[in-house]
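Data block below; observations after.
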Amino acid sequence: MKDVGDILYAVEKAVDQHPKLQRKGEAKLEVTRSAPRYAVSVPARWRGGRKRAHALTGSGDTPEEAAEQLISELDVWAEAIR
């Protein structure tokens, strides 16, 4: 298992490097009692937009899976919050 700080840094870096998204806060990891067990979220908004930031989330059975799901769906999130 990777260090949680490394996982959250990777999520923040992916959002920062996305051409259509602007990160508006720090990523966080949440542990839930039900399945899926882990959720990673980061507040972001459409780059150049004036709307409020939305919490982009990904979930999985491990922190790594949750982060990978969020990163893989950044394009979908960008269109959804546009």
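Here, each number is a calculation from the coordinates, and none is a lab measurement. Since the model is a prediction, treat every value here as computed from it, not as a measurement. Note that each Cβ is placed from the backbone with ideal geometry, even for glycine, and that neighbours are counted across all protein chains shown.
Under 8 Å for C-alpha pairs, at least 6 residues apart: give me the relative contact order for the chain, rounded to a whole percent.
Numbers: 152 pairs, mean separation 22.4, N = 82.
About 27 percent, as a whole number.
The value given for the stretch 4-81 is a Kirkwood hydrodynamic radius of 12.3 Å, derived from the mean inverse Cα-Cα separation.
Relative to the current alpha-carbon distance between Glu30 and Arg82, full extension at 0.36 nm per residue lengthens the span by 16.2 nm.
Of all lysines in the structure, those lying under 20 Å Cα to Cα from Lys28, and not within fewer than 8 positions of it along the same chain, are Lys2, Lys13. How much net charge surrounds Glu65 when only other residues with a Cβ under 14 Å from its Cβ are counted (Lys, Arg +1; Asp, Glu -1)? With Lys, Arg at +1 and Asp, Glu at -1, the net is -3.
Other residues lying with their Cβ under 9 Å from the Cβ of Ala78 contribute a combined charge of +1, Lys and Arg counting +1, Asp and Glu -1.
Where in the chain lies the longest segment free of GluC sites (Glu not before Pro) that are both loop residues by DSSP (not H, G, I, E, B) and have at most 16 other Cβ atoms within 10 Å? Answer from the scan: 27-72.
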